[in-house]
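A quick write-up on the structure given underneath.
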Amino acid sequence: MVISMKAWICENPTGVDALHWREVPTPSPGEGEVLLAVHAASLNFPDILIVQNKYQFKPALPFVPGSEYAGVVEAVGAGVAGCRPGDRVAALAGVGGFGTHAVVKADKLLPLPQGFPFEHAAAFAFTYGTSHHALMDRGSLAAGETVLVLGAAGGVGTAAVQIAKAAGATVIAAASSDEKCALCRSIGADATINYTTQNLRDALKALTDGRGPDVIYDPVGGDLAEPAFRSIAWRGRYLVIGFAAGGIPSLPLNLSLLKGASIVGVFWGEFVRREPKANAAALAQLSEWYAQGKIRPVIDQALPMDRLPEAYARMASRQVQGKIVMVNQPG
Ligand SMILES: NC(=O)c1ccc[n+]([C@@H]2O[C@H](COP(=O)([O-])OP(=O)(O)OC[C@H]3O[C@@H](n4cnc5c(N)ncnc54)[C@H](OP(=O)(O)O)[C@@H]3O)[C@@H](O)[C@H]2O)c1
């Protein structure tokens with residue numbers, strides 16, 4: 001076992017500038033834990049919030065951020081059954097991924113199927129799990145329905161576009177630039193709306209013959225929420241995923257009455273905790289779709305782990321298309 005490791009340490013959660021890339025002793029796995037050599041870790045939006053003390057989960061200080069990662073088991077602690085040194089796994093532990101090694105509770109690990117690259121494994125469960133739970137479970141999406149995905153070129157957005165297509169829906173992807181719209185078409189979107197240059201309501205009317213989308217997937221919030229909800233179809237489902245734009249919007253409830261439409265909350269982490277069997281079934285369907293080539297993480301960039309601040313800056317400035325992944329050099 002290596003005596004020391006490197007990691008981005010957060011001692012003072014005031015933002016990315018307060019993170020430090022440090023050499024620290026490699027911890028030994030305790031009871032029920034494993035030591036993982038991290039090969040790849042992806043950036044999810046909550047990784048921005050957690051280092052500013054703005055996320056709902058507030059880890060004890062100091063901590064290593066990095067919610068989702070993948071690598072190889074190096075050592076296991078007492079009482080760990082079901083995984084052993086050499087196993088390739090993905091970890092959804094909330095923290096720990098932005099380093100060369102991590103100690104993780106064994107129940108936060110998922111075994112990797114043969115041929116599943118670490119970069120994809122580190123960028124999979126969080127985004128695809130969220131979008132599957134949102135569209136298929138909370139949104140009851142049926143083949144032939146029309147879905148509007150806002151922030152469609154982002155992490156959960158690209159996953160939502162691919163999942164909605166895999167489920168047989170027509171997908172309208174909406175994003176803030178022509179470049180992002182082109183990416184969405186390349187991964188299967190049937191139509192796109194650039195909401196920086198186009199009026200969202202007019203464009204939706206034109207694309208749906210005035211009907212509106214049956215399901216709206218909204219990870220952005222802010223000023224887009226109300227025009228989107230005003231456009232929803234009869235019996236539509238508006239999925240509340242997140243508020244990347246910063247503002248938490250308010251919606252006039254009469255719109256819900258007039259359209260017979262539902263506003264549906266989505267909280268994937270809580271779903272995983274409360275409904276493990278349903279989550280396992282969703283992950284099984286996602287693995288099958290991955291094996292069939294129907295879904296595939298869009299990797300914006302793979303950067304060396306010590307360049308984490310660049311990745312944070314890219315995500316905060318809305319430049320990431322798909323997922324940004326941090327990688328450790330082998331050896
Ligand atoms: N409910 C749940 O269970 C759950 C699970 C996972 C994630 N989430 C939430 O989903 C949201 C998206 O997460 P993600 O990891 O997919 O993030 P992401 O890759 O950064 O995507 C977010 C998208 O939001 C848009 N955006 C608009 N204003 C923005 C701003 N001021 N800053 C950053 N992005 C902005 C951007 O698209 P355009 O430039 O095209 O507008 C961006 O592509 C977050 O709020 C996250 O907390 C919720």
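Values quoted throughout were computed directly from the atomic coordinates according to the rules given, and no laboratory measurement underlies them. These numbers were taken from a predicted model, which means no experiment stands behind them. Methodologically, a virtual Cβ is constructed for each residue, glycine included, from the backbone with ideal geometry; neighbour enumeration extends over all protein chains shown.
When both bridge partners sit in the chain, DSSP labels roughly 60% of those beta bridges antiparallel. Of Gly77, Gly66, Gly154, which is the most mobile in a GNM of the chain whose springs link Cα atoms less than 10 angstrom apart? Evaluated over the chain, the most mobile residue of the options is Gly77.
If you keep only loop residues by DSSP, which trypsin sites (Lys or Arg not before Pro) in the range 13-121 have at most 12 other Cβ atoms within 10 Å of their Cβ? Passing sites in the range 13-121 are Lys54.
Computed from Cα positions, the angle between helix 276-291 and the longest principal axis of the chain comes to roughly 80 degrees.
If Lys and Arg each add +1 and Asp and Glu each add -1, what is the summed charge of the other residues whose beta carbon sits under 15 Å from the beta carbon of Ala313? Local net charge: -2. Within the shell defined by Cβ-Cβ distances under 15 Å, the residues around Ile187 carry a net charge of +3, with Lys and Arg each +1 and Asp and Glu each -1.
I need the chymotrypsin sites (Phe, Trp or Tyr not before Pro) found in the range 216-274, filtered to DSSP loop residues with at most 15 other beta carbons within 10 Å of theirs.
Answer by residue number: Trp234.
Taking a 25 Å limit on the Cα-Cα distance, which of the listed pairs Lys54/Lys108; Lys259/Lys323; Lys108/Lys165; Lys54/Lys323; Lys108/Lys277 fall beyond it? Those over the limit are Lys259/Lys323; Lys108/Lys165. Is the shape of the range 114-191 rounded, prolate or oblate, going by the alpha carbon gyration tensor and its root eigenvalues a ≥ b ≥ c, with a/c under 1.5 for rounded and a/b larger than b/c for prolate? Note, shape of the range 114-191 comes out oblate. For Val266, the residues whose amide H sits under 5 Å from its own are Val240, ignoring neighbours fewer than 5 places away on the same chain, with H placed 1.01 Å from N. Neighbours of Arg237, meaning other residues whose beta-carbon lies under 13 angstrom from its beta-carbon, give a summed charge of -1 when Lys and Arg score +1 and Asp and Glu score -1.
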